[in-house]
Amino acid sequence: MRLTNSDNDYVTTRIMWLDGQEEGKNKGKGVDSYKRYIYIHGTHEEGLIGQKASHGCIRMFNSDVIELFNDVKKGTKVYIKA
């Protein structure tokens with residue numbers, strides 16, 4: 001059930017900006033996560049959490065992303081499993 005599906009991917013709470021570590025996969029020309037502005041962030045479309053609905057970011061419930069933001073330090077490595 002889609003609760004909303006706007007063309008915008010608004011950031012509503014915190015941003016954790018991702019910087020890829022694998023050349024040619026998520027770092028470098030055409031695939032660079034950092035240069036493509038790929039974030040972990042809160043969303044105004046919490047009804048779509050768990051569904052593919054982003055422009056590339058990882059969206060989380062606002063309360064969860066605030067808690068995560070407060071718990072992690074800059075430079076923390078993140079493994080994202082598809």
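What follows draws every value from the coordinates through simple rules; no lab data is involved. Source: prediction; values computed, not measured. Here the Cβ is made from the backbone with ideal geometry for all residues, glycine too, and neighbour counts use every protein chain on show.
Points to keep in mind about this one:
- Isotropic mean projected area of the C-alpha convex hull, the chain (nm²): 5.8 nm²
- For the chain, the longest site-free run once trypsin sites (Lys or Arg not before Pro) in DSSP loop states with at most 13 other Cβ atoms within 10 Å are removed: 3-24
- Residue-by-residue Karplus 3J(HN,Hα) for the stretch 60-70, coefficients 6.51, -1.76, 1.60, Hz, glycine and proline x: 9, 4, 4, 5, 5, 6, 5, 5, 4, 4, 6
- Only lysine pairs 8 or more places apart, or on different chains, with alpha-carbon atoms under 17 angstrom apart are counted in the chain, and they number 7.
- Neighbour-count order for HIS55, HIS41, fewest beta carbons within 10 angstrom listed first: HIS55, HIS41
- At an R0 of 22 angstrom, the distance between the Cβ atoms of ASP19 and LEU68 translates into a FRET efficiency of 0.85.
- Those GluC sites (Glu not before Pro) in the stretch 19-82 that DSSP places in a loop and that have at most 13 other beta carbons within 10 Å: GLU22
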